[in-house]
1. In square nanometres and to one decimal, what's the mean projected area of the convex hull around the Cα atoms of the stretch 431-514?
2. May I have the extent of the alpha carbons of the stretch 80-153 along their three principal axes, as whole Å values ordered from largest to smallest?
3. Can you give the Rg/Rh ratio of the stretch 139-187, where Rg is from the C-alpha atoms and Rh is the Kirkwood radius?
4. For the charge dipole of the stretch 38-396, defined by +1 on Lys and Arg C-beta atoms and -1 on Asp and Glu C-beta atoms about the Cα centroid, which residue among 326, 147, 276 has the Cα displaced farthest towards the positive pole?
5. Using the per-residue mean of other Cβ atoms lying within 10 Å as a proxy for protection, in what order, highest first, do the peptides 223-230, 59-66 fall?
6. Tell me, what is the percent relative contact order of the stretch 38-396, built from C-alpha pairs under 8 Å that lie six or more residues apart?
7. Once you keep just the Cα pairs under 8 angstrom separated by 6 or more residues, what percentage relative contact order results for the stretch 77-146?
8. Taking the alpha-carbon set of the chain, what are its Rg and Dmax in Å?
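Laboratory data are not the source of any read-out in this text; all were calculated from the coordinates shown. What you see is a predicted model, and the numbers here were worked out from it, not measured in a lab. FYI the Cβ positions are ideal-geometry reconstructions off the backbone, even for glycines, and counts take in every protein chain you see.
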Amino acid sequence: MKKQLLALVATLVVGAGVHAADIKVVVSADQPGPVIHRNIYGQFAEHLGTGIYEGMWVGPESKIPNVRGWRKDVVAALKDLKVPLVRWPGGCFADEYHWRDGIGPRNKRPVKVNTHWGGVPENNAVGTHEFFDLVEQLGAEAYVNANMGTGTPQEAAEWLEYMTGEGNATIVEQRRKNGRDKPFRVHYYALGNETWGCGGNMRPEYYADLYRHWATFLKTPAHNRPKFIASGGNDKDTTWTDVLSKQVKHNIDAIAHHAYTFPSGKWEGKGSAAGFPESEWVSMLSQVKKIDDVLAASKVILDKNDPQKKIALYFDEWGSWYDPEPGSNPGFLVQRNTLRDALLAALHFNVFHSHAERVQMSNVAQMVNVLQAMILTSKDKLVLTPTYHAFKLYIPFQDATSLPIKVENNPTYKVDKFEMPTVSVTAGRGKDGKVWVGLVNSNATKPAELDLQLGANAPKAVKGQVLTASAMDAQNELGKAPQVVPTAFEAQATNGKLTLKLPAKSIVVVAVEG
Ligand code: AHR
């Protein structure tokens, strides 16, 4: 009888939450690791649906307040997010983009069809000069993706010359005539996108040869040389990383990998963005393990093929991808954004931080109105998504020094056949000198309590913010009160112990005090 009573009490405790003292997190603040590059918080903006046109670019004549055509409200929200860089113009769009279509007087630019995304007219109103105006307004770095699908090495070389040239070559004079005397600062330049798919259905060996060929002709003044990026593999496939890091030894600074996450784990029948059961909450979040796995496998390959660590790994497309929103153009990739997406983002950040030595950039897909967006717009209105708030909470980690963490007794969270660790943790010393800890409790129904230690001791207190909501698919909708907004979070040590109570389905980011 006594035994049964004890079992009942234990069940109640577990039922009430994942209990204190069970989970212990130890941060080693005295063992600094690699820097968490701010570009891990990079963005991706493609000519796709209303991602650029309407969502960000409304044109200088629009009644929507804008600076030279870029929406003031959207730019202000993105500046608050401290967006470090923007990748443009695609994606698959880049694989068919001819940069000369996007320069000169806007009313004289050719109208084309965006064959990849929805078959809609593309009037080329946003081109090179407009893109650089956007990144300069944001104070962000520029990542330009050149066309290797239908372009030529000459076209890719001349685009770079047009942007960075300084002398009196005709192509540089053309840039001046188009309104830009000073060269643009191109921080990153990629040759091709998804060359295994929409970028040309190539084999890695063939692409490696093409890359070596094309990259030979990329010339810039030495002080304005971008980092050159090769298009890499997808999802769990590390073949491209292996072949490229073995076969390309010059003019390569990074390999760009992509991996999207669908609740079903499959391209066909991806699953819904909202109105899903708890099993799909876990199926979605637990897939972040594949990101960790592919990064761990890539590290082994790169450490072997590039022991001097000259080649970084960029994760330049990632995020959630759901079935098209009913009633929307399926080619516009419109989807709702919920609390689940915010947790998915934070889990990605924690994984990227743990591979900071090689992973020096990531670009969420995409910035506005497309896939896992930061901002959704409709006419002159905008709403900040739960994912936006996850990015904002993690700002202190931009350029922080990563710190080792140990998580003990982390229970498994399991629903149906899907399972994952309950708590995910990251830590870093921010540029402000403080130790920051980012925590995710993935359990959708139960809070988690954990004891936090800095080395052998409990800190005095922590202070920061928490992001959670009552429903798994809580979202922020235009014209309605937002359901997912950060609120203050703090905890104090008692009796030499600092216990953090993470609400169910939450992200907590705190600075450690004392
Ligand atoms: O982000 C949407 C698309 O996903 C990109 O255009 C492409 O590179 C990827 O397949």
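1. Values: hull surface 26.9 nm².
If you wrap the Cα atoms of the stretch 431-514 in a convex hull and average its projections, you get 6.7 nm².
2. Dimensions of the stretch 80-153 along the principal axes of its Cα atoms: 34, 27, 26 Å.
3. Here Rg/Rh amounts to 0.99.
4. Sorting the options by dipole projection puts first 147.
5. Working: 223-230: 19.8, 59-66: 12.4.
Peptide ranking by packing, descending: 223-230, 59-66.
6. Working: 729 pairs, mean separation 69.3, N = 359.
The normalised contact order for the stretch 38-396 reaches 19 percent.
7. Values: 84 pairs, mean separation 32.7, N = 70.
RCO, the stretch 77-146: 47 percent.
8. According to the Cα coordinates of the chain, Rg and Dmax are 23.6, 93 Å.
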